[in-house]
Amino acid sequence: MHLPADPQLGGSPVRNSEFENTHTRGRVISDVVGREQATNIIDVGAYTGETADWFSVLFPNATIWAVEPFPESFAELARKSNPRIRPFNFAAANFDGQTQFYYNSITPTSGIYSINPESSDSLSVAQQGERFAAVKNSSVGSIIVDARSLNSFVMEQDIQKIDLLKIDVQAAEVDVLKGSDQILDRVGAVLVEISLFDYYVKSSSIGDVESYLSPHGFSLWSVTDISNNPMNGRTDWVELLYVNSKRGMTGK
């Protein structure tokens, strides 16, 4: 069935076009956080350090506290020669101890929650021209890893000011925030990827995340990234930037 074109109402298309001409994801984040002023960035779910490298360029005066639980990914992260990237091998959680960690054939999708074998949202793109197909049986195995709350980690490291807390933990974002309740007042901005789809046995919602951030003065500043599902039209995950109004915008 042929569908009509979307109606063009108001000035949003023009405003969005102007935005894309003047802003990038990096510029939005650095403007809010403060490119020169930032001194401490916590990168939770650092994987092999790609984002930590990016942060070290984006914020030239900041120490990047990079947290990654999976041993193979951490080994590569730990080989970084950048003295401003400090690697730590544990899973950020809402407790201190140990936890199960599920590793997948698509390594960046690994986390403390296993893949949902009944997922209807997950996709893999096969060879060009083939249909999208659901990802099944991509979980490889599990191991036990150390787990820590950011409350205990930040206090142990005596980090008094956190300019940016980045969270990319494959559906465990609420767990990380639960374990950060004592230190969120030290945080100027939070960059969090929220897993909305059913790829994992647990999913999150924007409301879940905001229920922990709002009491500490955080409000949504920008949608910095989004992944839409070409199979069913759903939004799989969204990356949101929150600013702590109690601390003010560091970059302004």
* Structure fact -> Residues of segment 133-161 being within 22 Å of ASN40 (Cβ to Cβ) and either at pLDDT below 75 or assigned to a helix (DSSP H, G or I) (or both), in sequence order, are LEU150, ASN151, SER152, PHE153, VAL154, MET155, GLU156, GLN157
* Asked: Could you give every pair whose Cβ atoms fall below 9 Å, whose first residue belongs to segment 93-111 and is on the phi < 0 side of the Ramachandran plot and part of a strand (DSSP E or B), and whose second residue is of a type in the set (Ser, Thr, Tyr) and at pLDDT below 85, counting only separations of at least 6 or pairs across chains?
  -> TYR102/SER139; TYR103/SER139; ASN104/SER138; ASN104/SER139
* Asked: When only residues in segment 137-154 that are closer than 20 Å to PRO215 by Cβ and aliphatic (A, V, I, L, M) count, which is surrounded by the fewest Cβ atoms within 10 Å (Cβ to Cβ)?
  -> VAL154
* To do: Could you list all residues from segment 18-44 that are loosely packed, with under 10 Cβ neighbours inside 10 Å and either hydroxyl-bearing (Ser, Thr, Tyr) or not in a helix (DSSP H, G or I) (or both)?
  => THR22
* To do: Go over the candidates SER73, SER110 one by one and state the one that is modelled with pLDDT under 95, within 29 Å of GLU156 (Cα to Cα), crowded, with 18+ Cβ neighbours inside 10 Å and among the small types (Gly, Ala, Ser).
  => SER110
* **Filter pass, VAL201 being among the aliphatic types (A, V, I, L, M) and at pLDDT below 95** => yes
* To do: Among the residues of segment 76-92, write down those that are touching a residue at least 12 places away in the same chain (Cβ under 8 Å), out of contact with any helix residue (DSSP H, G or I) (no Cβ under 6 Å at 6 or more places or on another chain) and surrounded by fewer than 22 Cβ atoms within 10 Å (Cβ to Cβ).
  => GLU76, LYS80, ARG86, PHE88, PHE90
* Residues within segment 204-226 that are assigned to a helix (DSSP H, G or I) and of a type outside the set (Val, Ile, Thr), tallied -> 9
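The values are calculated or read from the model by the stated rules, or taken from the named source; none is laboratory data. Since this is a predicted model, take the numbers as computed values, not measurements. Positions of Cβ are backbone-derived with ideal geometry, glycine not excepted, and every protein chain shown enters the neighbour counts.
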